[in-house]
Amino acid sequence: MSDSTGRLTILHEIGFTLSERQSAAIVGASGSGKSTLLSIIAGLDTPTRGTVKLAGTDLFALDEDARAEWRARKIGFVFQSFQLLANLTALENVMLPLELQGRADARERATEMLRHVGLSERLGHYPRVLSGGEQQRVALARAFVVRPAVLLADEPTGSLDFATGETVMQLMFDLNREAGTTLVLVTHDRAIAARCERQLRLEAGRLVGGGDPATAPPPAAGALVPDLEPAAAAATGLTPAGDCA
Ligand SMILES: Nc1ncnc2c1ncn2[C@@H]1O[C@H](COP(=O)(O)OP(=O)(O)OP(=O)(O)O)[C@@H](O)[C@H]1O
Ligand SMILES: [Mg+2]
């Protein structure tokens, strides 16, 4: 990745495999690369070197359109900055991914999901009149509503009070258990991290904890395999790949 200061290596030595239905927390200091890693797993950022495989599909072997379509079908993404569409109401924001899939019941399902996150009274409101926590809940509802195979959430409870955060976390773990959704959460909250089966720790762009055990079995059909670095990959028996700048 380049900016005015030239080339900057943000992530390296990242290699891990998550099984279908697993939950993982990505933890680490501010600036350690958590959001960047999440974007790469979603195929929103492209690594300079390396691969991400989901259920056997190499994300970066797809062209941009195919990747976008694949993402819409398989992945729910909650951005750190919410990224709601300003000219759509809360309900319309949540209906959008369902409409893109051509679902006739988009309105009912979106309404139900907003009820789940406690926003039944806010369906017709635009993002600019919603509080930060309310916007975060709309963003969560939009990500959940398609029942994605993988849910990627960047500090999903960062703007929520304790009780609402609990409700949202419960929703995520319910999705994980009932729909088999693989969860990958960025969090600074130790209690939330501890509720995940895996804790992936980043330090200055490197995976320093929670990688695959040396004896890890080969990834199953539904596995998520980001593999961005040769050394760690060799250690875990995965195909060596690249790093990410
Ligand atoms: N597009 C970009 N251009 C230049 N630098 C970038 C870009 N995106 C991210 N970075 C840098 O990469 C590093 C990792 O950023 P990232 O947003 O992934 O951190 P983070 O772990 O999510 O931090 P936080 O906890 O504060 O959200 C930071 O130093 C950031 O400034
Ligand atoms: Mg971040």
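The values are calculated or read from the model by the stated rules, or taken from the named source; none is laboratory data. All of these numbers come straight from a predicted model, not from anything done at the bench. Methodologically, a virtual Cβ is constructed for each residue, glycine included, from the backbone with ideal geometry; neighbour enumeration extends over all protein chains shown.
Just to be sure before I move on: is ASP189 within 16 Å of ligand 1 (Cβ to nearest atom), acidic (Asp, Glu) and in contact with a strand residue (DSSP E or B) (Cβ under 8 Å, 6 or more places away or on another chain) in the structure I sent?
Values: within 16 Å of ligand 1 (Cβ to nearest atom): yes; acidic (Asp, Glu): yes; in contact with a strand residue (DSSP E or B) (Cβ under 8 Å, 6 or more places away or on another chain): no.
Judged against the criteria, ASP189 is not a match.
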Considering only the stretch 34-45, I want to know if a residue exists there that is away from ligand 2 (no atom under 16 Å from the Cβ) and surrounded by fewer than 19 Cβ atoms within 10 Å (Cβ to Cβ). no
If you go through the stretch 174-195 one residue at a time, how many are more than 16 Å from ligand 2 (Cβ to nearest atom) and more than 14 Å from GLY76 (Cα to Cα)? 7
Among the residues of the stretch 153-193, write down those that are among the polar types (S, T, N, Q) and in contact (Cβ under 8 Å) with a residue 60 or more places away in the chain. ASN176, THR181, THR182, THR187
Any residue in the stretch 21-33 that is touching a residue at least 40 places away in the same chain (Cβ under 8 Å) and at positive phi sitting within a Cβ distance under 8 Å of a residue that is surrounded by 16 or more Cβ atoms within 10 Å (Cβ to Cβ) and among the aromatic types (Phe, Trp, Tyr)? List the pairs, counting only those 6 or more apart or interchain. none
Exactly one of GLN101, GLN83 is of a type outside the set (Asp, Glu), within 16 Å of ligand 2 (Cβ to nearest atom), surrounded by fewer than 18 Cβ atoms within 10 Å (Cβ to Cβ) and farther than 20 Å from PRO226 by Cβ, and that residue is GLN83
How about the stretch 171-217: which of its residues are of a type outside the set (D, E, K, R), modelled with pLDDT under 90 and either within 24 Å of ALA139 (Cβ to Cβ) or out of contact with any Leu (no Cβ under 9 Å at 6 or more places or on another chain) (or both)? LEU171, MET172, LEU175, ASN176, ALA179, GLY180, PRO213, ALA214, THR215, PRO217
Where residues in the stretch 52-71 are touching a residue at least 40 places away in the same chain (Cβ under 8 Å) and among the aliphatic types (A, V, I, L, M), which of them is surrounded by the most Cβ atoms within 10 Å (Cβ to Cβ)? LEU54
Go through the stretch 112-131 and count every residue that is free of Cβ contacts under 8 Å to residues at least 24 places away in the same chain and either at positive phi or crowded, with 20+ Cβ neighbours inside 10 Å (or both). 0
